[in-house]
1. For A:ILE226, all conditions in the list (1) in a helix (DSSP H, G or I); (2) away from ligand 1 (no atom under 16 Å from the Cβ) hold save one; what is the number of the exception?
2. Suppose we keep only residues that are closer than 24 Å to A:PRO24 by Cα and part of a helix (DSSP H, G or I) within segment A:100-138. Which one would you say is nearest to the other protein chains (Cβ to nearest Cβ)?
3. For segment A:25-42, which positions are at pLDDT below 95 and within 16 Å of ligand 2 (Cβ to nearest atom)?
4. For segment A:59-71, does any single residue satisfy the condition of being in a strand (DSSP E or B), touching a helix residue (DSSP H, G or I) at 6+ places or on another chain (Cβ under 9 Å) and farther than 25 Å from A:LYS228 by Cβ?
5. Exactly one condition in (1) within 14 Å of chain A (Cβ to nearest Cβ); (2) in contact with an Asp or Glu (Cβ under 7 Å, 6 or more places away or on another chain); (3) of a type in the set (D, E, K, R) is false for B:GLU305; which is it?
6. Considering every residue within segment A:78-93, establish whether at least one is touching a Pro at 6+ places or on another chain (Cβ under 8 Å), away from every other protein chain (no Cβ under 14 Å) and either touching a residue at least 24 places away in the same chain (Cβ under 8 Å) or not in a helix (DSSP H, G or I) (or both).
7. Take B:GLU267 and tell me if it is surrounded by fewer than 16 Cβ atoms within 10 Å (Cβ to Cβ), charged (D, E, K, R) and under 33 Å from the mean Cα position of the chain (by Cα).
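The values are calculated or read from the model by the stated rules, or taken from the named source; none is laboratory data. Since we're looking at a predicted model, the values are computed, not measured. Positions of Cβ are backbone-derived with ideal geometry, glycine not excepted, and every protein chain shown enters the neighbour counts.
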Amino acid sequence: MAGHLAVEDVLRPDRLRIELLDNPIIKIEDVTKIYKLGNIEVVALNNVSFTINRGEIISIMGPSGSGKSTLMNILGCLDITSAGNYYLEGLNVSAMKDNQLAEIRNKKVGFVFQTYNLLPRSTAWSNVELPLLYSNASNIKLKVSTALSQVGLTDRAHHKPTELSGGQQQRVGIARALVKNPSILLADEPTGNLDSESGNEIMKIIQNLNRETGLTVIIVTHETSIAKYTDRIISVLDGSIVSDIRQKAATVTT
Amino acid sequence: MTLWATFMTALNSLSANRLRAFLALLGIIIGVSAVISLMSIGRGSQATITDRIQNLGTNLLSISPQPDEVLTLEDAFSLIDPIHTPSVKAVAPQISTSGTLIAGKERRRTQIIGTTPEALSVRSFTMKSGTFISVPHVTDSQEVIVLGSQVATDLFGDRDSVGEYIRINSKRYTIIGILAPEGGTSFGSVDRQAMVPITTAYYRILGDKTVHGEIPVQSINVEAHNHTLMEKASEEIQVLLRLRHKISDEDDFVILNLSDVIETLEETTQTIVIFLGIIAGISLLVAGIGIMNIMLVSVTERTREIGIRKAMGATKQDILFQFVTESVLLSFVGGIIGIVFGIGISQLINGMNLGNQMLRTVISYDIALLALLVSSAIGLFFGIYPAIRASALHPIDALRYE
Ligand SMILES: Nc1ncnc2c1ncn2[C@@H]1O[C@H](COP(=O)(O)OP(=O)(O)OP(=O)(O)O)[C@@H](O)[C@H]1O
Ligand SMILES: [Mg+2]
């Protein structure tokens, strides 16, 4: 159980030291991901290391096929590394078993997909409620309605995905990621399928979350117009980090 | 995930795809109801045949002549002989023909049996009303008739027709009695026969002359004193008839032991039941394949759903449990509806007329339970197959599944 692990591991002195020194929420060390297709090996990530601190808002950029999604899926515990270590809030995720990973996905990571990945036949409400059903959460109704109002969808709660616009579907996706009050929000090209106006609305919601609640956010994007709203840009090329730049983030205006 | 949440998730997921749920349900319903109704027909005909044979009596031997040979009335009565045939209790020779019975505007073609008073005890008939054929009727070849219950109803409805007349070949016959229904349901049952004195049948209906002053009979029913004396009675009869016919080589008659016939027939009906069982099993299997099809067609959609659920924190066990619950719900509900349908069909076709056969069904609850279990197993197996595969994937692989 990841829950037990959390208590034990956080209390271990070495973990505690990391927490106290620079407060990193994410630390990856020499992470490599290799896909095997028959006898061809595709190195999607090659010895990637970096640290992300609590409260940062970061964008990951790079050309198509450079390994951005692969990296995000590993950070979101949707996929596992081939080599290297991944620490999330001091816990060694790369050593975890299936059910511990499920608990991390359930409680600590909010993941927003480019293609939304909503349950097609369930309402916005049911989709947002989903993570709470897999934890023994209390106050489910309050949490779901809060999350839906955070993304401005209170009046669309009982619509199914097919009855919502792309932007609205993505906002359901964000509400679903937020409802469990996660430690980090990961968004893989959240505006990739949206027009610039809807995209801006999404970015405004995300930026506000970061600024008002201190939520740590990582966004994958192709567009500099999105990246400018973050205060750190990590660039990836062919599975390796080629630059890691801090900047002053612009404020989203609509 | 709590049990209640799992149940609600399964229920929501089923109602979210009503068509899929309905088709799977339909497969189970058809499979289960087919098994139940087919098996009830099988068991029904088995019961019919066993009943009918039991009605004939288990102490009964039946003697008939070999082709081109003759058994006479004399032969029949010679078997009542305390010295040569001590095991024989009674004999009832018979001639069988057919004719049209006319009562007013009603006419029925039936089998007419020429018989003797002993038939009442040998064949263990019961009278519904009136009396059976008596000795004077036979000696004087009187024009009297005893009707089977179905024949009486066909000609006279519910009215007690004892004392009334019917015509056969424009001769008038007095109805002296009506037999109680035997319950045997198909052609050949006494319910659909009429009985006249054996001499009447011979002289008046067949209009034949005697052969060397003898009346030939078609068969002789012999009642033994009890069931254990059947073999012995058969041997005694054989010896006596061979003496009478002065035979040194092959018998010119055949002795049929009805309890042997019962065994053979019971084996035959058992085969019918097994055969129907196989058909029923096949229909259940076909239903199972239908369910499998529906489940497999939706495997892409369901794999993505599993990916989403796992991405949101569902464990492998959560997923499996949801799918098991869905399948059990489907097959249980389908099984119950199937049982209700199957029993309904069985009751509906019970007593239905098929030509001159009456269909009889016996519902067996053990079969109903078995069908329910098998259909649940099929639903469970095919329902959780995609879940077992998909729940083992990393969430991202399930999400990417095409
Ligand atoms: N499941 C997979 N099996 C095999 N190879 C894969 C798989 N997923 C990704 N790859 C390969 O890994 C590399 C990185 O892919 P990834 O999806 O991470 O790129 P990306 O940076 O997200 O690209 P895009 O901007 O187009 O989304 C690519 O070369 C890709 O072909
Ligand atoms: Mg990508």
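1. (2)
2. If we take residues in segment A:100-138 being closer than 24 Å to A:PRO24 by Cα and part of a helix (DSSP H, G or I), then A:ASN106 is nearest to the other protein chains (Cβ to nearest Cβ).
3. A:TYR35, A:VAL42
4. No, the conditions are met nowhere in segment A:59-71.
5. Condition not satisfied by B:GLU305: (2).
6. Within segment A:78-93, one or more residues are touching a Pro at 6+ places or on another chain (Cβ under 8 Å), away from every other protein chain (no Cβ under 14 Å) and either touching a residue at least 24 places away in the same chain (Cβ under 8 Å) or not in a helix (DSSP H, G or I) (or both).
7. yes
For every residue, the table says whether it meets (1) outside the structural domain of B:SER33 (by TED's automatic domain parsing); (2) within 16 Å of ligand 1 (Cβ to nearest atom); (3) in contact with a Ser or Thr (Cβ under 8 Å, 6 or more places away or on another chain).
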| residue | (1), (2), (3) |
| --- | --- |
| B:SER364 | no, no, yes |
| B:LEU373 | no, no, no |
| B:GLY379 | no, no, yes |
| B:TYR385 | no, no, no |
| B:LEU393 | no, yes, yes |
